[in-house]
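Structure first, then comments.
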Amino acid sequence: MNDIQQQREPKISLALYHLFKWSIVNPMLRAYFRGHIYGAENMPTSGPVLVVANHASDFDPPIVSSCVRRPVAYMTKQELFKVPVLAPAIRAYGAYPVQRGGSARGAIRAALEQLDQGWAVGVFLQGTRTPDGRIPDPKLGAAMIAAKAQVPLVPVSLWGTHRILPRGAVFPKPLPVTVRIGQPITPPSSSKDKAELTAVTQYCCDRIHAMHDLAR
């Protein structure tokens, strides 16, 4: 991380975020999925922060961004950045490229660069979608990024998203979704202490599961 961090994402990214949120994501979440949101006040409104969540649906990234009230940058496969019209749009919206099959070090470096630019960066603790929204095997990547950047982790629970687009379905089902945002968690003091990284990761996971258990 640089000595001087930006406190907000670029203005063009913020403008695109509000356009997409209020024209598409929020109306769909509120009306179609009858979304309930709790704890939005726990999300820092500025400065770099790591958002850690469970993951069960392709709808999760835009839902999380909408609910935490600021853009959230997510890693995206590098191939999409070769599409002429799509590339500048997703980059402005916060996506950053990660090579498929590349090293974890490269993904961590890319996330640190986004944090350095004032973004909130999103990381799904499982690293991939799970069928029920639980996190059976949380990865240490989020804790390592937070330790290197010395930024807080904000736990987010997504309940119900695993049911809205079942296998074989073409359109999402209008089933209820609940998002809960927990209080920020202090980052590990060192990125080299595996025991501490594991403890913070498990604490994030436990917080997410506790919110998930509250269901609707």
The condition from (1) outside any strand (DSSP E or B); (2) under 23 Å from residue 151 (Cβ atoms) that residue 51 misses is numbered (1)
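So which of 173, 148 is in contact (Cβ under 8 Å) with a residue 40 or more places away in the chain and basic (Lys, Arg)? Step through it out loud before you land on a result.
Values: 173 fails: in contact (Cβ under 8 Å) with a residue 40 or more places away in the chain.
Selected residue: 148, the only one of 173, 148 that is in contact (Cβ under 8 Å) with a residue 40 or more places away in the chain and basic (Lys, Arg).
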The residue from 61, 44 that alone is open to solvent by 10 Å² or more (accessible area, probe 1.4 Å), within 23 Å of residue 201 (Cα to Cα) and assigned to a loop (DSSP other than H, G, I, E, B) is 44
Only one of (1) open to solvent by 50 Å² or more (accessible area, probe 1.4 Å); (2) part of a helix (DSSP H, G or I) does not apply to residue 167, and that is (2)
* Asked: Residues in region 114-127: is at least one at pLDDT below 95, surrounded by fewer than 22 Cβ atoms within 10 Å (Cβ to Cβ) and closer than 17 Å to residue 54 by Cα?
  -> yes
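Would you point out which residue out of 70, 91, 109 is open to solvent by less than 10 Å² (accessible area, probe 1.4 Å), more than 22 Å from residue 210 (Cα to Cα) and not small (Gly, Ala, Ser)? Walk me through how you get there before you give the answer.
Numbers: 91 fails: open to solvent by less than 10 Å² (accessible area, probe 1.4 Å); 109 fails: open to solvent by less than 10 Å² (accessible area, probe 1.4 Å).
Result of the check over 70, 91, 109: 70.
Taking the options 76, 128, name whichever one is closer than 30 Å to residue 160 by Cβ and in a loop (DSSP other than H, G, I, E, B). Step through it out loud before you land on a result.
Details: 76 fails: in a loop (DSSP other than H, G, I, E, B).
Just one listed residue meets the conditions, 128.
Yes or no, residue by residue, for (1) assigned to a strand (DSSP E or B); (2) over 23 Å from residue 27 (Cα atoms); (3) open to solvent by 10 Å² or more (accessible area, probe 1.4 Å):
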position: 143; (1), (2), (3): no, yes, no
position: 154; (1), (2), (3): yes, yes, no
position: 162; (1), (2), (3): no, no, yes
position: 172; (1), (2), (3): no, no, yes
position: 187; (1), (2), (3): no, yes, yes
position: 209; (1), (2), (3): no, yes, yes
Checked region 3-19 for anything surrounded by 17 or more Cβ atoms within 10 Å (Cβ to Cβ) and assigned to a helix (DSSP H, G or I); matches are 13, 16, 17
In region 73-88, residues that are under 26 Å from residue 31 (Cα atoms) and open to solvent by 20 Å² or more (accessible area, probe 1.4 Å) total 1
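The values are calculated or read from the model by the stated rules, or taken from the named source; none is laboratory data. Since the structure is predicted, the reported quantities are computational estimates derived from the model, not experimental observations. Ideal geometry is used to build each Cβ from the backbone, glycine not excepted, and the neighbour counts take in all protein chains shown. Please note that ligands, DNA and RNA were not included when accessible areas were found on the heavy atoms of the full protein model with its side chains. Shrake-Rupley method; radii C 1.70, N 1.55, O 1.52, S 1.80 Å.
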